[in-house]
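Accompanying notes for the structure given below.
Throughout, read-outs are computed from the coordinates displayed, never taken from laboratory work. Small disclaimer: the values here were computed from a predicted structure and weren't measured. Cβ atoms come from the backbone with ideal geometry, glycine included; neighbour counts cover every protein chain shown.
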Amino acid sequence: MPKRKSKGAYMISAVAEMYEIHPQTLRLYEREGLLKPSRTEGNTRLYTDEDLERLEFILNLARDLGVNIAGIAIILQMRERMEEMNRQMQSFVEYVRSEMLSRFQQAAPGASGAIVPIRRPAVAPRPATRTER
């Protein structure tokens, strides 16, 4: 993949040259909703480093794996949903962790220190073997 400068915004011609694609391909990707570059007041497309990372992913799917535009759109949607689910899970884990810590700290002095009362484990009877029958 091409080397990029540090943070910045790139015009369509520079991006097309860096990735050896036609500017119309970038316009198509935008029209199909695969890329969403920002725009200047003069309506010039500007691609950020995040846009370029997404473009690299798109080009990998198209060039290396032969995925068509409809397939790329589905994969990108699934990827975004998975990232959102991951964020929600991380948030939930943090909530549970903070809740447990809070309850642990609020435990009464002299208590066993357990958040939930500990019960004696239930022992299931062992099945009889052939020789024991």
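Structure above, values below:
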| read-out | value |
| --- | --- |
| Leading residue by the ranking (surrounded by the most Cβ atoms within 10 Å (Cβ to Cβ)) among those in segment 23-45 that are over 24 Å from the mean Cα position of the chain (by Cα) and more than 15 Å from Ile69 (Cβ to Cβ) | Arg45 |
| Residues located in segment 8-22, provided they are surrounded by 13 or more Cβ atoms within 10 Å (Cβ to Cβ) and not in a helix (DSSP H, G or I) | Ala9, Tyr10, Met11, Ile21 |
| Counted residues, segment 23-40 - those being assigned to a loop (DSSP other than H, G, I, E, B) and under 22 Å from Leu76 (Cα atoms) | 6 |
| Conditions (1) in contact with a helix residue (DSSP H, G or I) (Cβ under 7 Å, 6 or more places away or on another chain); (2) closer than 14 Å to Tyr10 by Cβ; (3) part of a helix (DSSP H, G or I); number of the one not met by Ile58 | (2) |
